[in-house]
1. If you plug each phi of segment 45-56 into the Karplus form 6.51 cos²θ - 1.76 cosθ + 1.60 with θ = phi - 60°, what whole-Hz ³J(HN,Hα) values come out, in order, with x for Gly and Pro?
2. Once R0 is set to 22 Å, what does the formula 1/(1 + (r/R0)^6) return for the Cβ-Cβ distance between Arg90 and Leu130, expressed as a FRET efficiency to the nearest 0.05?
3. For Leu130, Leu26, give me the order by solvent-accessible area with a 1.4 Å probe, most accessible first, ignoring ligands, DNA and RNA.
4. Mind listing the long-range amide H neighbours of Ser69? Cut-off is under 5 Å, sequence gap 5 or more, other chains count too, H placed in the peptide plane at 1.01 Å from N.
5. Could you provide, to the nearest whole Å², the per residue accessible area of segment 31-94 with probe 1.4 Å?
6. In segment 126-194, carbon and sulfur make up what percent of the accessible area (probe 1.4 Å)?
7. If you roll a 1.4 Å probe over the heavy atoms of the protein chains, what accessible area per residue do you get for segment 152-194, in Å²?
8. Tabulate in residue order the Karplus-calculated ³J(HN,Hα) for segment 153-167, using 6.51 cos²θ - 1.76 cosθ + 1.60 with θ = phi - 60°, rounded to whole Hz; enter x for Gly and Pro.
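The values are calculated or read from the model by the stated rules, or taken from the named source; none is laboratory data. Note that the structure is a prediction, hence the values are computed from the model and not measured. For neighbour counting, all protein chains shown are included, and Cβ atoms are generated from backbone atoms with ideal geometry for every residue, glycine included. Note: areas computed on protein heavy atoms with side chains; ligands, DNA, RNA excluded. Shrake-Rupley method; radii C 1.70, N 1.55, O 1.52, S 1.80 Å.
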Amino acid sequence: MYQSFSERIAGNPGSYMAGPDSREQLYRKYRPRLVVFCRNMTGCAIEEAEDLAQDVLEKAFARHREYNSRWAYSTWLFSIARNRCIDVHRRRDRRSDANFPIPGGHADDVLTIVPHGGPGPEEQVLQVELQDFVRQYIESLGGSDRAIAFLHWYEDMKYADIGKVLAMPVGTVKYRVFRIKDGLRHAMEEYHGR
């Protein structure tokens, strides 16, 4: 069954330009994800990432007629975000594979009080250590591998969609995901002294 642009992006029938509700739904659904993606890709402050996400959404609204409904809206939107982040890199005269920090908390931010029956303090500490280890590993990756990791695990995108967003063949995406997983496995074995 064919779905119109607004049905695909908002999940509701109706016209894209019918009113602010469609835009508001898009902002609520995609803005937080775009902020994280832009911050991850550029290493910028949260305020700049919020501005970039806003720019991406405005560009998507302005260019909505270019959207091809054969693909997921998120694929098209993250492609726009990727291109906008590349523009930021060019403007800053940086290499695209520079190391950029992945936003995220520290161990102190993760521990919470859990109700009876949840993980105890020891399990929480182990979970925090694992999260920090994985975060550090991903931060050590080059920019494009970091983007692949973000889109694959955080956005849960399919290989084909990641390939479209990052303009690379699906086989390359699959190989790099395999290489990232394998590298993480080796790093964890080395960390645990195996």
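1. 5, 4, 4, 5, 5, 5, 5, 5, 4, 4, 4, 4
2. Details: r = 36 Å, r/R0 = 1.65.
After rounding, the FRET efficiency stands at 0.05.
3. On the way: Leu130 85, Leu26 0 Å².
Accessible-area ranking of Leu130, Leu26, largest first: Leu130, Leu26.
4. HN-HN under 5 Å from Ser69: empty list.
5. On the way: 3170 Å² over 64 residues.
Per-residue value: 50 Å².
6. Working: 2230 of 4070 Å².
Reported share for carbon and sulfur atoms: 55 percent.
7. Values: 2950 Å² over 43 residues.
Result: 69 Å² of accessible area for each residue.
8. My calculation for segment 153-167 gives 9, 7, 8, 6, 7, 6, 4, 4, 5, 4, x, 5, 4, 9, 6 Hz in order.
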